[in-house]
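These notes concern the structure reproduced below.
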Amino acid sequence: MNTEKVDVLVIGAGPAGTVAASIVNKAGFKVRIVEKLRFPRFVIGESLLPRCMEALTEAGFVDAVKEKGFQEKFGAKFVKNGMICDYLFADQFTEGWTWTWQVPRGEFDSTLADTVEKMGVPVSYETTVTNIVFTGTDSVTTVEDIHGNKSQITARFIIDGSGYGRVIPRLFNLDKPSNLPPRKALFAHTVDIKRSMADEPNRITIVVHQPGVWIWVIPFSNGVTSLGFVGEPGFFKQYEGNNEEQLRALIASEPYLSERFKDVEFVFEPKVLESWSSTTEKFYGNGFVLTGNVTEFLDPVFSSGVTLATVSSQLAAHLVIRTLNGETVDWDKEYSEEMMQGVNTFRSYVMAWYEGTLDTIFFAGNQDLQIKKMICSVLAGYVWDLDNPYVKNHATALQKLARTIELSELVGKMQ
């Protein structure tokens, strides 16, 4: 069996894997990426957040992505029963990037992978990890290509950015249930010939369809728009037929979308994704670290996936470099605690969204502009800024604000 020796094996060629691989490669270490699928491939997570631009910049990817002409994104718009709440990233509380992109992920991810290959990092596509044996921090990984050929890769460290594949958690039984309830998405790409009807495309639009059910509208620069409905699985049972028939019925039932997307052409047969929330017992171990969705995937509502993927990989890459250089790293404090700060902040906002707390805040009259700036920073992905009270106190601040708004509105009605 052929054996290759590297310093770092990266599992997964998505944003998590390529960001980590680029940074470690720049530090002078030998890196190889193995990827189970052939690129380009479809995946959701098409609306990025400004915070991920910092990781993409350090990895050296921004210029290559700019050349693709993807749709620039400057904010997020929330819609409910004719009411609109706009968040512009330029108005955020935290200093940082004020724009990002909306991207067809197949092309975006291929751009990152192609770029990291040009930097000298080999990528083996259609290659599956079948076994990993650790000896201290060293490892021997057995992989199998699409033709059934097996080989081994010895590495001083493994970065697992395998996303939904969850390679190391599944091989070592590290998966555990998320505390978020199961949800389902029914979605497609559409040929959006009536886009001029809307004040888009330079931001994502999120429509509150009914309590607990929402819609994403993500326009791309190529005239295609990603459109999806998200809710509890039971919600979709009231609609009969196949995926396309159900999605067309859902579109017809939403006044904000019904005329724009009436009889719209679907680029592909509408797809279903459900029960996506997942987590793991630990984010690292002796000789490996988990990054991106392989650590925890929450929910698509605030587009946190690519941000958590790229930021975790950016951080993990630096810690791996220090480890390989013989430094002592406190992985609990410097990685797990740091990443859980971001994950838990997003989790609080996801839960507040489905509970209706954010409805109260987003669609309140006479919003406090300073508070809106602070919430905008979270929506931009700056969930590690502890100078922001709506990050530092994420578990309680939203509920307190919603109660204050409700009390103020009640007093107003009584006057």
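Laboratory data are not the source of any read-out in this text; all were calculated from the coordinates shown. Not measured: the values here are computed from a predicted model. Here the Cβ is made from the backbone with ideal geometry for all residues, glycine too, and neighbour counts use every protein chain on show.
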**OP:** Only helical DSSP H runs with n ≥ 4 go in: add -39500 (n - 2.57) per run for the chain, normalise by residue count and round the 222 nm mean residue ellipticity to 500 deg cm²/dmol.
**Re:** -10000 deg cm²/dmol
**OP:** With a bin width of 20 angstrom, please list the P(r) values of the chain as percents of all Cα-Cα pairs, from the 0 bin to the one holding the largest distance.
**Re:** 26, 56, 17, 1, 0
Subject >> Inter-part distance where the range 80-143 and the range 8-55 are each reduced to a Cα centre, Å >> reply: 5
Original post:
Taking amide H positions as placed 1.01 Å from N in the peptide plane, with prolines and chain starts having none, which residues 5 or more places from Lys30, or on another chain, fall under 5 Å of its amide H?
Top reply: Asp7, Val8
Subject >> Estimated distance in nm for a label pair at Lys66 and Leu369, the labels positioned 7 Å out from Cα along Cα-to-Cβ >> reply: 3.1
Original post:
How far, in degrees from 0 to 90, does helix 304-324 lean away from the longest principal axis of the Cα atoms of the chain, to the nearest 10?
Top reply: 30
Original post:
If you line up the long axis of helix 15-26 against the longest principal axis of the chain, both from Cα atoms, how many degrees apart are they, to the nearest 10?
Top reply: 40
Subject >> Ordering of 211-218, 313-320 by burial proxy (mean other Cβ atoms within 10 Å per residue, highest first) >> reply: 313-320, 211-218
**OP:** Find, among the trypsin sites (Lys or Arg not before Pro) in the range 11-110, those assigned to loop by DSSP (not H, G, I, E, B) with at most 15 other beta-carbon atoms within 10 angstrom.
**Re:** Arg38, Arg41, Lys68
**OP:** Starting from the Cα-Cα distance between Thr57 and Glu232, subtract it from 0.36 nm times their residue separation and give me the gain in nm to one decimal.
**Re:** 59.3 nm
Original post:
Any idea what angle helix 337-355 forms with the longest principal axis of the chain, computed on alpha-carbon atoms, 0 to 90 degrees, nearest 10?
Top reply: 30
Original post:
What trypsin sites (Lys or Arg not before Pro) in the range 196-295 are in a loop by DSSP, with at most 11 other Cβ atoms within 10 Å of the Cβ?
Top reply: Lys262
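Just add up the charged neighbours of Val230: K/R +1, D/E -1, any other residue whose Cβ is under 10 Å from the Cβ of Val230.
Taking every other residue near Val230 into account, the sum is -1.
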Original post:
In percent, how large is the relative contact order of the chain, given Cα pairs closer than 8 Å and 6 or more residues apart?
Top reply: 21
Original post:
Between Gly365, Gly305, Gly17, which gets the highest mean-square fluctuation from a Gaussian network model of the chain, Cα cutoff 10 Å?
Top reply: Gly365
**OP:** State, as an integer percentage, the relative contact order of the range 183-297 based on alpha-carbon contacts under 8 Å between residues 6 or more apart.
**Re:** 32
**OP:** State, as an integer percentage, the relative contact order of the range 232-279 based on alpha-carbon contacts under 8 Å between residues 6 or more apart.
**Re:** 34
Subject >> Per-residue HN-Hα couplings for the range 45-57 [Karplus 6.51, -1.76, 1.60; θ = phi - 60°; Hz; x = Gly/Pro] >> reply: x, 9, 10, 7, 10, x, 4, 6, 5, 5, 5, 5, 5
Original post:
Length gain on complete extension for the stretch Lys333 to Asn149, per 0.36 nm per residue less the alpha carbon to alpha carbon distance?
Top reply: 62.2 nm
Original post:
DSSP loop GluC sites (Glu not before Pro) in the range 32-132 with at most 10 other Cβ atoms within 10 Å of their Cβ, which ones?
Top reply: Glu67, Glu95
Subject >> Å³ per residue enclosed by the Cα convex hull of the range 299-376 >> reply: 98
**OP:** Of the listed pairs Lys36/Lys176; Lys5/Lys118; Lys73/Lys194; Lys68/Lys118; Lys150/Lys282, which have alpha-carbon separations greater than 25 Å here?
**Re:** Lys150/Lys282
Original post:
At 10 °C and 1.306 mPa s, what whole-number value in µm²/s does Stokes-Einstein give for the translational diffusion of the range 122-225, with Rh from the Kirkwood sum over Cα pairs?
Top reply: 87
